Amino acid sequence: MALLLCMPACMLAQEPQPAWQQVWQQMTSIEDVEDEAWQENYELLLQLAAQPLNLNTATREELEQLPFLSQQQVMGLMEYRDRYGPLRSMGEVRMVPQMDYQQLALLPYFVYVDENTEEQHGFPSLNTIGHYGHHTLTATGRLPLYDRRGDENGYLGYKYRHSLRYEFHYGDYMKAGIIAAQDAGEPFFANGNRWGYDFYSYYLQIKKLGCVENAVAGRYKVSAGMGLVMNTSFSLGKLATLQSLGRHSSTLRPHSSRSEADYFQGAAATLRLSKPLRLTLMASHRPMDATLNDDGSAATLITSGYHRTPGEMAKKHNTHLSAVGTTIAYRQGGLHLGLNTIYTHLDRSLEPNRKTLYRRHYAHGTDFLNVSADYGFDHHLLTVNGETAIDRQGAIATVNSVSLQPSADFSIMALQRFYSYRYTGLYSHSFSAGSRTQNESGVFIGTTWNPAKRLHLQAYVDYAYMPWARYQASWPSHAWDFLMQGDWQARHWSVQARYRMKRQQKDNEAKTTLIADNEQRSRLAVTWQDTNGWRMKTQADYSHSAYKHTSNGWMLSEQLAYEQPQWQLNLTAAYFNTDDYSSRIYIYEHLVQHDFAFPAYYGQGMRLALYGRLNLTSRLRLAARLGCTNYFDRHTIGTDLQQIDASHQTDLDLQLRWKF
């Protein structure tokens with residue numbers, strides 16, 4: 001506490017990273033925060049912000065790595081550069097007809113303009129890389145100022161969460177790193193963790209080495225097409241999908257986060273066979289946690305990564321997955337075609353309890369094969385994308401989108417998907433109303449319109465039909481999702497209003513029929529900022545849920561930030577009042593680098609958080625965050641081993657970052 005109270009005298013200047021977080025969270029909708037992929041999305045954007053692209057030399061493929069750009073916007077940037085020559089300033093990007101205000105707000109954090117377009121020829125020598133490369137060492141720790149029941153009796157380790165991260169990079173040619181992470185309650189150099197930390201991720205990435213465009217050894221992520229066969233890299237929510245007009249790109253990148261889900265371990269490479277033809281090869285063998293049946297088969301694959309109790313530790317790495325895959329991609333002009341294949345083998349059979357109706361068609365067995373074709377055509381007005389896949393059993397999945405952008409002021413897109421209830425893919429993550437790329441067909445229609453210079457409107461409607469039973473729905477069911485959002489921008493002021501309604505069918509109390517589960521959420525946010533470093537945001541949220549019972553909730557929050565060349569300070573204060581968890585409300589909160597959270601609050605209470613960063617030297621940076629939640633309607637927080645026997649919860653995060 002004393003450390004944070006002293007920080008105003010010497011806080012750290014803000015990097016671009018926190019600013020793009022603010023813009024990005026305004027572009028995303030609430031369902032994103034409930035997706036495990038959020039941490040991965042954040043890590044990818046963090047990497048891209050750390051190594052911005054020169055707009056005057058960036059290739060089309062490099063610009064396509066920016067997930068918030070639509071295909072038309074990428075083409076517009078390339079055509080503008082080809083027609084008028086190198087850009088002279090970021091302000092010139094506003095002359096590209098396809099760009100709108102949200103992309104214009106995000107782009108400066110991921111690209112820059114340098115009129116020197118002379119590129120290095122050939123891969124640099126190892127001596128050059130070693131001499132001019134950049135190193136970063138980051139240590140992060142969380143100190144809970146309370147005890148959980150498991151900390152006293154139940155957990156194998158102490159209550160502190162901490163991690164170490166080392167990263168090295170030389171331009172866009174080489175990147176290497178290792179991440180070591182420990183969750184609270186996990187043993188350290190003991191009880192199954194004899195190598196110290198509970199989780200390690202390590203990687204070496206090389207680019208532009210002859211015909212090798214990109215190669216990664218260690219732990220990595222791959223996405224191809226629209227995600228029906230392989231997508232362990234990036235997942236967009238519906239509102240962000242509308243912003244990018246449904247564009248998906250193939251990526252191969254290191255796994256550089258704490259997440260223990262959805263990564264490969266081994267090696268992968270993308271080879272340039274000719275100007276229009278690319279070949280990606282990957283091989284992986286990695287351990288997994290699994291809950292076992294009595295016969296030794298795996299009932300479920302566990303991705304939480306927790307190893308705090310003897311039971312959780314007994315499941316650590318008790319199953320192994322081996323996978324090989326290929327992607328062949330062809331692009332000529334506006335046409336792009338691809339063929340994607342992945343084969344997976346488990347060393348023990350996956351046998352979920354398929355007697356339960358909604359699990360009847362879950363993935364099972366030891367061997368899995370998925371093959372797909374992806375296709376599309378890009379034009380500055382019209383873009384068509386799609387992918388159709390088949391699994392080992394012959395089940396089909398297909399997703400197709402079309403977008404029209406006649407001007408920067410208006411765009412419309414439609415997306416259709418059909419995922420057979422028999423289709424299974426261990427690495428499938430595509431657009432859906434639920435959490436699985438299975439048992440769903442539907443249509444999504446969205447539009448973006450700028451009726452005035454400072455006004456930006458977005459809306460979508462999504463309908464989905466599930467022909468087979470699913471969790472909490474014992475019969476075929478359907479779901480609706482509708483969202484409207486408006487943003488008004490002035491010199492110092494911005495206002496955002498959002499309304500979202502979801503309606504889906506679920507079992508009634510007796511499970512004799514389906515009834516409606518209605519959820520409505522609304523938000524009004526007003527932001528003011530000046531050129532002297534002040535930023536203030538007032539936000540009001542309301543939620544309503546009606547399923548078996550009615551639940552209402554609201555939150556009023558205030559965020560205040562001030563930054564100077566040598567320091568930064570952020571303060572968040574919120575009061576929330578909801579009937580129960582059904583009407584929970586989320587709020588964006590500023591955390592230390594490599595941590596991202598959209599915590600949910602329910603019941604009655606207050607949330608306070610103070611964040612600051614300080615430049616100790618030109619190379620050494622300190623960041624800290626103190627967060628406290630005080631509940632007015634309970635005397636304990638959490639359940640079982642996570643229970644805190646108090647009505648308040650306070651955490652202190654500390655991070656030291658050294659660049660050399």
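Tabulated data
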| quantity | calculated |
| --- | --- |
| Debye, to nearest 20: dipole size of the chain, +1 on Lys, Arg Cβ, -1 on Asp, Glu Cβ | 300 debye |
| Rounded if a/c under 1.5, otherwise prolate or oblate - the range 255-407, Cα gyration tensor axes | prolate |
| Sorted peptide list for 184-197, 210-223, criterion being average Cβ within 10 angstrom, highest first | 210-223, 184-197 |
| Rounded FRET efficiency, nearest 0.05, which uses the C-beta distance separating R60 from V113 and R0 of 25 Å | 0.90 |
| Structure-based [θ]222 nm, the chain - -39500 (n - 2.57) summed over DSSP H runs of at least 4, per residue, nearest 500 | -3000 deg cm²/dmol |
| Heavy-atom accessible surface of the chain: percent carbon and sulfur, 1.4 Å | 58 percent |
| Distance (nanometres) between label positions extended 7 Å along Cα→Cβ at Y581 and M95 | 5.6 nm |
| Percentage, to the nearest whole number, of Cα pairs in the range 131-245 over 16 Å apart | 74 percent |
| Share of Cα-Cα pairs in the range 528-569 lying beyond 11 Å, as whole percent | 71 percent |
| Y166 paired with Y463, simple spin-label distance in nm, labels 7 Å along Cα-to-beta-carbon | 5.7 nm |
| Å² of accessible area per residue within the chain, as computed with a 1.4 Å probe and no ligands counted | 44 Å² |
| Amide H within-cut-off set for N56, under 5 Å, with H built and near neighbours excluded | D114 |
| Value of relative contact order over the range 448-564, rounded to a whole percent, pairs C-alpha under 8 Å and six or more apart | 17 percent |
| Shape category assigned to the range 485-564 from the gyration tensor of Cα positions, a/c cut at 1.5 | prolate |
| Amide proton proximity set for H429, modelled H, under 5 Å, gap of 5+ | N231 |
| Modelled FRET efficiency - R0 51 Å, T366 with W534, Cβ distances, 0.05 increments | 0.30 |
| Segment Q604-L571, extension gain: residue separation times 0.36 nm, minus the distance between their alpha carbons | 9.8 nm |
| 3J(HN,Hα) from dihedral phi, the range 628-634, Karplus parametrisation 6.51/-1.76/1.60, rounded to Hz, x for glycine, proline | 9, 10, 10, 9, 9, 10, 7 |
| Simple Cβ-charge dipole of the range 238-395, Lys/Arg +1 and Asp/Glu -1, about Cα centre, in debye nearest 20 | 360 debye |
| Chain lengthening between Y132 and I412 when straightened (0.36 nm per residue, less Cα-Cα) | 96.2 nm |
| Partner aspartates and glutamates for K275 [C-alpha distance under 13 Å; skip if fewer than 8 residues away on the same chain] | E61, E213 |
| ³J(HN,Hα), Karplus 6.51/-1.76/1.60, whole Hz, each residue of the range 46-63, x for Gly, Pro | 5, 5, 5, 6, 6, 10, x, 8, 7, 4, 7, 10, 5, 7, 4, 4, 5, 5 |
| Sequence-distant residues sharing a close amide H with W475 (under 5 Å, placed H) | R470 |
| Entries of K238/K502; K175/K207; K221/K316; K315/K355; K506/K548 with Cα pairs more than 18 Å apart | K221/K316; K315/K355 |
| Dipole of the chain [Lys/Arg +1, Asp/Glu -1 at C-beta], most positive-end residue of Y202, S494, G76 | G76 |
| Contour minus Cα-Cα distance for L560 and A510 (0.36 nm per residue) | 13.2 nm |
| Gyration tensor (alpha-carbon) shape descriptor, the chain, a/c threshold 1.5 | rounded |
| J(HN,Hα) series, the range 484-495, from Karplus relation 6.51 cos²θ - 1.76 cosθ + 1.60, nearest Hz, glycine and proline x | 10, 9, x, 10, 10, 10, 10, 5, 10, 10, 9, 10 |
| Protection proxy ranking, peptides 631-640, 645-654, average beta carbon neighbours within 10 Å, highest first | 645-654, 631-640 |
| Where GluC sites (Glu not before Pro) fall in DSSP loop in the range 62-150, at most 15 other Cβ within 10 Å | E115, E118, E119 |
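The values are calculated or read from the model by the stated rules, or taken from the named source; none is laboratory data. Since the structure is predicted, the reported quantities are computational estimates derived from the model, not experimental observations. In this analysis, Cβ positions are derived from the backbone assuming ideal geometry, glycine residues included, and neighbour counts consider all displayed protein chains. Just the protein is used for accessible areas: all its heavy atoms, side chains included, with ligands, DNA and RNA removed. Shrake-Rupley method; radii C 1.70, N 1.55, O 1.52, S 1.80 Å.
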